[in-house]
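Step one of this worksheet: look at the structure below.
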Amino acid sequence: MADNERDYSWPAPEKRSLIGKRLNRVDGPLKAAGKAKYTYDVHPPGMLFGKGVRSPYAHAKVASIDTSAAEKMPGVKAIHIIQGPGSEIQWAGDYVVEVAAVDEPTARDAVRAIKVEYQPLPHFLDDFTEPKNLPEDNGPLSPRDIFNMLDDDDPESTKRAVSAIQQRGIKFQVTPQLVERMKSNEVPEEVIKALQSAPMKEEQKTDSPYQKEAETVKGDPDAAFKQAEVISEGVYGCPVITHCCMESHGSIAEWTDDNHLMVHISTQNISASAPQYFQALSIPAGNVHIHQDHIGGGFGSKFGVDRWDIAAANASKKAGGKPVRHMLERDAELEMAGSRPSFYGRVKVGAKKDGTLVAWESHTWGTGGPGSAGAPQVPYVVNVPAIRRQYVNVRTHTGPARAWRAPSHPQACLITMGALEDLAAKLQMDPVDFLLKNIELTGTRANVYSEELKIASELMGWKQKWRPRGQNGSGPVKRGLGVSIHTWGGRGHSSDCALTLHPDSSVDIKMGTQDLGTGTRTAILMVAADSLGIPMEQIQLNIGDNQYPPSGPSGGSTTIGGVSASTRRASVDALHALFEKIAPALGAQPGDLEAANGKIQVKGNPAKSMSWKNACARLGAQPIQVVGKNPGPGNLIDSGVGGAMMADVSVDTETGIVKMNKMVCVQDCGLVISMKTAESQCYGAMIMGIASTLYEEKIMDPQTGRMVNPTMDFYRLAGIGDVGDLVVHMMTGKGYDERGPIGLGEPPTVSPMASISNAVANAIGVRVPFMPITPDRVLAALNQGANHAAG
Amino acid sequence: MDDLPEKKDPKRKPKSGMSRRNFLKISGVSAVAPFAAPLIAATSVLEVEAQAATGMQGPGKVPVTLNVNGKNLNAQLEPRVTLLDALRDQFELTGAKRVCDRGTCGACTVHLDGKAVYSCSVLAIDAQGHQITTIESLSQDGKLHPLQQAFVDNDAQQCGFCTPGFVMACKAFLDHHPNPTMEQIKHGVSGNFCRCGTYAGIRAALMQAAKTAKGA
């Protein structure tokens, strides 16, 4: 049988021995015993401690650096200038000089002994104030401007885009790769042609922090608003928050000889870290050995090799190759090692009296620090027929944004579901009924959402508990419910799985992937053991090293699909090779054999079988080595999931304190490989979302330009007593399983802010517009609501 | 208020008479002293008092003996080194983690004379003469303690970085509350944070471990 005809498909439900089961995570005992080694725990002999001088200014030029006193200090082994005189600092806390010393106290003293003079420049931090009266942008277009202009349903949009390209020019190169990508995304031919002949123009340099993106118009929003019978208007938004990984960012770098670098690094991106050292240090990527056993949280903030990692490598070189550990201290971690962009919006949304949505208009803005905030697309999931939206990117000196679980989605979801809940309240409709009324606007996943909303309603007791706004009791404590729906792509990334069957009957797997605590190790072993028909304990799994075949970065919920598919293909290929070896002994054709219960047997005739051990013994001296790949033959994975979330809160209208009573998460992720760790992802997503709704904010001081709460006492996370009861239901069975595994890291993180803030609005009768929903904001919203009612 | 955490407040007389918090306070006052003349006097009084109480150790390295998991371990440490850093960097006991490094998150929790403390907020020199217990001693002969097994069974861990601290906090809590209610759990281990969001599993693990202990 040729490779492309081989059956790689997932086993039928009755044939699954492990897939979908609720098993303990395989590295659980090691972690619970405190014996799992993280990057922060690595301590090679002779290791030096790296620390950095960090800028107290948010925006400044480095004027001069004097390291002479530090150089004379005993125990200081290397000093490396990261950003020399003339460098422009763009955010407070950025590294300027690196120091490596024999112990941490000495490194700290050395940092204090280095004198850096700065020429302060004005900083800009205000992402909260609505940008108004911005001049029309007539400058050259960005790819996103063009994306914003195009509307599949409106042929006129193509003409408008072509004319804009010709008049305004573009500010990016139209490479053959980009053309390919545009073709595969069905960008109209006329637009691609216009781009290929468009003039390249330099962007006008401006002091304005605002970048106004091209407006998106879909349908005829003006006419649609005229037809609307009920219109709701509101303001919504959430601030910049930080990733706050428990294990801070950082690495241990060691030059093992002049041209070889050994790096232990806390990363979500084992296989693609070495090339980043090449870019910074010109060391061939093949000479950089990257290793990580366990990672203490990433959440999207640990894809890159960072400035401090390169500084540690440079310091190591200066110290004769000795290993240098530079792990960030907590303030550095919170100030600059990861923040999620803010997003604010003024929204108008209209419907018919029966709840049929007709029109949406939004003016949104947000900051991703010095770069782009990613322009979350609203309305989210619910594709209102007529839309006008405009986004303004605000450039600030608050530190660079990094991907944060489900980039842009939680923000877009908050604003969309908030506006829809307010409209439903105005229509005097139950928001679940309102969503169901418009469910066809969600497109291809309408049935999934309907099914999930039904299950979530039952698990929440929605019908019994839900009350219209303002009817939640006469006492000071009001109870309310909120709902939200969400989506994510999550197609598996590219992944190679090297699998070896040894004559001694052992099996080993090598993959350059990483387990973020999501259960990747567990899932790989479940797939391999289920496919080979042997116990998980019989398989040795090696991950976390770039000497193993590459897998993609663990981000965007792409890992489970990638590693499951490559492991499945490797297992099927290895089995096939084994079947060929032993088929004659069983008097059968290789295609007639199957592996189950530690045996190779003839399909439909388990009596004709051979134990796994005996089968492997027939390999002689030669093990079977295969590499399974994703993408590869057979449809093993898919993309696109739906989820529904509901929240039940109590709000004390005298103190403003919000208490979580219960949350329900109903989530689809295709075929669930490892049920227990999948559920944990959903529990974790709800808890993280409770924190971003009620507590988290990166607070910047407008005077100094610095973060005022870079500690865990003032950058508050949710505690064990803050989260209420949590219920998770995974969608499984027909309609889900046959799609194969789809990623789960992002989807359940999307809806918490929306569902909880809607529950608060339902409880107290007014909208608390901005996250986090702190007591003062609840009281302010109540006061404003009272004044509004009185006036 | 017996369900409030007893941890982080070892009712003990520190040997040197100076906690890290006091130490920080004093050095903080010193730092601003040149700009605020009246404070100079206050500072010197504080410093004199501190020196009298401690017999002034350091600032260079001093010999330190710590009793960890029943063994005496020796090192030369500056007095400013915390118990956490001594455990991790001197003795390779890396179960306790450094996360917030200022007594908020609990990832560094160890036991001092049977009570849970934040080891980032205890100076190594102050921990001398006390019985220090770390996560490494909880499992014996490769067999997990029932509480650790309960963490595994209930998937009370994801990335696992907060887990050793949580296990030690939970152990001290269960030692004092063998029959915990859910309300007691919510207060009793509220001195530890998890970022991945494993609290549902931790609550279930505590209930399971309490049940196992009763059955034993």
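So the values come out like this:
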item: Contacts under 8 angstrom Cβ, first residue in the stretch B:70-90 being more than 10 Å from chain A (Cβ to nearest Cβ) and surrounded by fewer than 20 Cβ atoms within 10 Å (Cβ to Cβ), partner assigned to a loop (DSSP other than H, G, I, E, B) and of a type outside the set (Phe, Trp, Tyr), 6 or more apart; result: B:Gln76/B:Lys61
item: Some residue of the stretch A:646-655 being touching a residue at least 60 places away in the same chain (Cβ under 8 Å), away from chain B (no Cβ under 14 Å), under 24 Å from the mean Cα position of the chain (by Cα) and within 26 Å of A:Cys245 (Cα to Cα); result: yes
item: Those residues of the stretch A:233-243 which are within 25 Å of the chain's Cα centre (by Cα) and either part of a strand (DSSP E or B) or acidic (Asp, Glu) (or both), in sequence order; result: A:Tyr236, A:Gly237, A:Cys238, A:Ile241, A:Thr242
item: Looking only at the stretch A:19-55, and only at residues there that are more than 28 Å from the chain's Cα centre (by Cα) and under 22 Å from A:Gln514 (Cβ atoms), the one that is farthest from the other protein chains (Cβ to nearest Cβ); result: A:Pro44
item: Output for the stretch A:656-696, where each listed residue is assigned to a helix (DSSP H, G or I), away from chain B (no Cβ under 11 Å) and of a type outside the set (S, T, N, Q); result: A:Leu694
item: Failed item in (1) over 26 Å from the mean Cα position of the chain (by Cα); (2) surrounded by 12 or more Cβ atoms within 10 Å (Cβ to Cβ); (3) under 30 Å from A:Met336 (Cβ atoms), with A:Val230 passing the rest; result: (3)
item: Test: residue in the stretch A:697-713 that is surrounded by fewer than 24 Cβ atoms within 10 Å (Cβ to Cβ), more than 16 Å from A:Ser339 (Cα to Cα) and within 14 Å of chain B (Cβ to nearest Cβ); result: yes
item: For A:Asn597: the one exception among (1) surrounded by fewer than 17 Cβ atoms within 10 Å (Cβ to Cβ); (2) free of Cβ contacts under 8 Å to residues at least 24 places away in the same chain; result: (2)
item: The one condition in (1) within 14 Å of chain B (Cβ to nearest Cβ); (2) touching a Gly at 6+ places or on another chain (Cβ under 7 Å) that A:Leu334 fails to fulfil; result: (2)
item: Qualifying residue in the stretch A:64-87 (condition: over 22 Å from A:Ala280 (Cβ atoms) and within 33 Å of the chain's Cα centre (by Cα)); result: no
item: Residue satisfying all of: in the stretch B:102-130; within 14 Å of chain A (Cβ to nearest Cβ) and over 21 Å from B:Val64 (Cα atoms); surrounded by the most Cβ atoms within 10 Å (Cβ to Cβ) among these; result: B:Ala107
item: Pick from the stretch A:1-14, criterion among the charged types (D, E, K, R) and either in contact (Cβ under 8 Å) with a residue 24 or more places away in the chain or assigned to a loop (DSSP other than H, G, I, E, B) (or both), ranking: farthest from the other protein chains (Cβ to nearest Cβ); result: A:Asp3
item: Candidate set from the stretch A:290-323 (those that are within 14 Å of chain B (Cβ to nearest Cβ) and of a type in the set (A, V, I, L, M, F, W, C)); member that is surrounded by the fewest Cβ atoms within 10 Å (Cβ to Cβ); result: A:Phe299
item: Cross-chain or 6+ apart pairs with Cβ under 6 Å, the stretch B:116-131 first and under 11 Å from B:Asp85 (Cβ atoms), then of a type outside the set (S, T, N, Q) and in a helix (DSSP H, G or I); result: B:Ser119/B:Leu83; B:Ser119/B:Leu84; B:Cys120/B:Leu84; B:Val122/B:Leu83; B:Leu123/B:Arg20; B:Ala124/B:Leu83; B:Ala124/B:Ala86
item: Residue in the stretch B:151-171 that is aliphatic (A, V, I, L, M) and within 21 Å of A:Cys682 (Cβ to Cβ) present; result: yes
item: Conditions (1) facing chain A (nearest Cβ under 9 Å); (2) out of contact with any strand residue (DSSP E or B) (no Cβ under 6 Å at 6 or more places or on another chain); number of the one not met by B:Ala200; result: (2)
item: Pair list, Cβ under 6 Å, 6 or more apart: the stretch B:138-157 residue at the interface with chain A (Cβ under 7 Å from one of its Cβ atoms) and within 19 Å of B:Asp175 (Cα to Cα), other residue among the small types (Gly, Ala, Ser) and buried (at least 24 other Cβ atoms within 10 Å of the Cβ); result: B:Gln148/A:Ala32; B:Phe151/A:Ala32; B:Phe151/B:Ala205
item: Of residues in the stretch A:100-134 being in contact (Cβ under 8 Å) with a residue 12 or more places away in the chain and farther than 29 Å from A:Gly86 by Cα, the one farthest from the other protein chains (Cβ to nearest Cβ); result: A:Leu134
item: So A:Glu233, is it at pLDDT 95 or above, farther than 30 Å from A:Glu696 by Cα and out of contact with any Cys (no Cβ under 7 Å at 6 or more places or on another chain); result: no
item: Residue count for the stretch A:244-289, restricted to those that are within 14 Å of another protein chain (Cβ to nearest Cβ), in contact with a strand residue (DSSP E or B) (Cβ under 7 Å, 6 or more places away or on another chain) and assigned to a loop (DSSP other than H, G, I, E, B); result: 3
item: Residue under evaluation B:His187, criteria (1) part of a loop (DSSP other than H, G, I, E, B); (2) within 10 Å of chain A (Cβ to nearest Cβ); (3) surrounded by fewer than 24 Cβ atoms within 10 Å (Cβ to Cβ), criterion not met; result: (1)
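To keep it simple, each residue is scored yes or no on (1) among the charged types (D, E, K, R); (2) touching a Gly at 6+ places or on another chain (Cβ under 6 Å).
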residue: B:Arg88; (1), (2): yes, no
residue: B:Asp101; (1), (2): yes, no
residue: B:Val117; (1), (2): no, no
residue: B:Ser121; (1), (2): no, yes
residue: B:Gln131; (1), (2): no, no
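A quick yes/no check of all residues on (1) modelled with pLDDT under 95; (2) in a loop (DSSP other than H, G, I, E, B); (3) over 22 Å from A:Ala228 (Cα atoms); (4) not polar (S, T, N, Q):
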residue	(1), (2), (3), (4)
A:Tyr344	no, no, yes, yes
A:Val358	no, no, no, yes
A:Gly366	no, no, yes, yes
A:Ala375	yes, yes, yes, yes
A:Arg388	no, no, no, yes
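The values are calculated or read from the model by the stated rules, or taken from the named source; none is laboratory data. Note that this is a predicted model, so its numbers are computed, not measured. Neighbour counts run over all protein chains shown; Cβ positions are idealised from the backbone, glycine included.
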